[in-house]
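Scroll down for the structure; my scribbles are underneath it.
Values in this text are rule-based calculations from the coordinates and carry no lab data. Computed from a prediction, not measured in an experiment: that's the story for all the values here. For neighbour counting, all protein chains shown are included, and Cβ atoms are generated from backbone atoms with ideal geometry for every residue, glycine included.
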């Protein structure tokens with residue numbers, strides 16, 4: 001059985017509509033419940049933030065990198081991070097620069113909110129490749145069920 005650690009950080013993938021507009025409010029366990037997990041995979045969930053990625057500061061970024069390292073130190077075979085797409089590219093790039101572990105870290109997000117009539121987040125998160133470690137180490141950023149991978153320290 002493989003162990004994957006899901007780190008939920010808010011963003012559109014975790015957003016609901018309300019009187020003031022959309023805001024990140026859906027916890028990781030609820031995202032996971034809508035997604036489903038293949039047999040043979042144990043998923044542990046950490047809610048790191050419920051904030052739009054446009055509002056991230058260095059404190060949130062440092063905390064996320066620490067949570068990724070902690071999940072790997074606890075024995076996860078891979079880490080999946082749900083993240084807002086406004087800054088996912090930059091955050092996953094930085095994570096790739098400092099990621100010095102052979103186990104993969106995969107970022108995924110969504111363009112449509114969790115409560116949208118046709119949300120894309122559950123499908124993006126649920127794509128089978130998120131739950132099976134890829135053959136090459138490194139980080140990956142992924143949306144719309146397609147993946148772009150990079151090797152550590154690639155520019």
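A few notes on this one:
- Treating r as the C-beta distance of residue 62 and residue 101 and R0 as 22 Å, the FRET efficiency rounds to 0.80.
- Solution diffusion estimate, µm²/s, Stokes-Einstein, segment 82-128, Kirkwood Rh from C-alpha pairs, 37 °C, viscosity 0.692 mPa s: 276
- Sorted peptide list for 33-39, 85-91, criterion being average Cβ within 10 angstrom, highest first: 85-91, 33-39
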